[in-house]
Amino acid sequence: MVQENEFIPYGRQVVDEDDIREVVRALRSDWLTQGPIVEEFEEAFAAFTGAEFAVALNSGTAGLALACRVAGLGRGDRVATSPITFAASANCALYVEADPVFVDVDPHTANLDPENLKEHLKNKSALRGVIPVHYGGLPCNMPEIYSISQKFGLVIIEDACHALGATYQDPKTGETIKVGSCRHSHMTVFSFHPVKHMTTGEGGMVTTNDRELYNRLQLFRSHGITRDPKLFKNQEMREKYAGQVVPGYYEMQELGFNFRLPDINCALGLSQLKKIDEFVQARRQIAQWYREELGASTSIRLPGESDASASSYHLYPVRIPFDRLGQEREKVMQKLHDRGIGTQVHYIPVHSHPYYQRIGYDSKTCPCAWDFYKECLSLPMFASLTRNQIRRVGETLVDVLGIGGDA
Ligand SMILES: Cc1ncc(COP(=O)(O)O)c(C=O)c1O
């Protein structure tokens, strides 16, 4: 818990005595990894999101990589994603030798713009997949992305590493849909890094409603090995051991990985998941406090919202016209840091990183992403922040920017 006057980081975990007790219980059990808590966590997570299946992994990055792999994306396939994201959303395509294609963002929300996706499909060579990123916790327009993707047979993998607990409305029925239910995608990927809505230390989860994908996710998570007789390729063993545990026999059927999440981490995850509604509610309350603090400013633009969706606020990225105010973002961040407030930049457009430059990407594409990047600054956002701390962040920011008269 961050005390009122201490340094306020931009993000941090909330871990309490219940969580610690559950982890200790796992440590005292017979299983540190591959035990019963993994499945318990997966079942509870699937129930929370409304998906049929959930597969726990040791990071969100592992989840994205595996989702691409099991969806059959591979060499030469083009996979669209947004440049305003963490590098992993695009790197996962490279892992399977596919090519990320950066589609420009909606200037209001910084989410992948379905209109640009449409244009891309019209004008450029074919895509095989799309990885919409729910930036900051605000869901992309999934019904629209789904409808476009259906026409072109695209694989849809939602990068929901920012969006656990977020919802959007079905435009046809008005029904509220939870991110992770995979209503408009094949798979959805989450991260449990400590700055996220809930944590397992490191960790991630992929949800899906497709049994075949579920089986493949499980297989690839653990070396491509199965011990389940009904999945054996060896017919004799399959028939002989149907429904039983087989002593001393298993099959490596694919070139998989060790992406498993240990029971110790799943115990923390299961305990944190019990509080997820509280965590998301707290973040929404903090967003409301920021609106009260900064909503009247004519210089600071608050994060884009959408009538059709409810953000779960992994981030609180405001937009500040640093150039117009005669300010440099790095210096503003340093001054805020010196006055006890941590901030971050989410994100440097992925296609401009040195690695992407080296492999031939043109950093000048996606002008809306660049406009967004130049102005964005993520203010502290985590569930245990207090009203007074948000006041301190707001007042310090206004003071550092010298825009006291703007509000
Ligand atoms: C949008 C996005 N995708 C993927 C990831 C990767 O998740 P992890 O850190 O659990 O590997 C992150 C992590 O910050 C992220 O923000």
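Values in this text are rule-based calculations from the coordinates and carry no lab data. Since we're looking at a predicted model, the values are computed, not measured. FYI the Cβ positions are ideal-geometry reconstructions off the backbone, even for glycines, and counts take in every protein chain you see.
Between Gln344, Gln327, which is under 19 Å from the mean Cα position of the chain (by Cα), in contact (Cβ under 8 Å) with a residue 60 or more places away in the chain and closer than 24 Å to Phe7 by Cβ? Lay out the reasoning, then the answer.
Numbers: Gln327 fails: under 19 Å from the mean Cα position of the chain (by Cα).
So the residue among Gln344, Gln327 that is under 19 Å from the mean Cα position of the chain (by Cα), in contact (Cβ under 8 Å) with a residue 60 or more places away in the chain and closer than 24 Å to Phe7 by Cβ is Gln344.
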Checking His346 against (1) part of a loop (DSSP other than H, G, I, E, B); (2) out of contact with any Ser or Thr (no Cβ under 7 Å at 6 or more places or on another chain), the condition it does not meet: (2)
Verdict on Arg319 being more than 16 Å from the ligand (Cβ to nearest atom), surrounded by 19 or more Cβ atoms within 10 Å (Cβ to Cβ) and touching a residue at least 12 places away in the same chain (Cβ under 8 Å): yes
Cβ-Cβ under 6 Å pairs, at least 6 apart or on other chains, the stretch 182-204 side touching a residue at least 12 places away in the same chain (Cβ under 8 Å), far side of a type in the set (Phe, Trp, Tyr) and more than 10 Å from the ligand (Cβ to nearest atom): His184/Tyr146; His197/Phe279
Matching option when the condition is outside any helix (DSSP H, G or I), within 27 Å of the chain's Cα centre (by Cα), closer than 24 Å to Pro139 by Cα and not hydroxyl-bearing (Ser, Thr, Tyr), among Ala383, Ala369: Ala383
Extreme residue, farthest from Gly60 (Cα to Cα), among residues of the stretch 115-129 that are of a type in the set (Lys, Arg) and either within 16 Å of the ligand (Cβ to nearest atom) or not in a loop (DSSP other than H, G, I, E, B) (or both): Lys122
Top-ranked residue in the stretch 130-142 [being assigned to a loop (DSSP other than H, G, I, E, B) and within 16 Å of the ligand (Cβ to nearest atom); ranked as surrounded by the fewest Cβ atoms within 10 Å (Cβ to Cβ)]: Leu138
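Listed here are the residues, each with its yes/no results for (1) within 16 Å of the ligand (Cβ to nearest atom); (2) more than 26 Å from Ala369 (Cα to Cα).
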site	(1), (2)
Phe45	yes, yes
Ala54	yes, yes
Ala67	yes, no
Arg75	no, yes
Asn91	yes, no
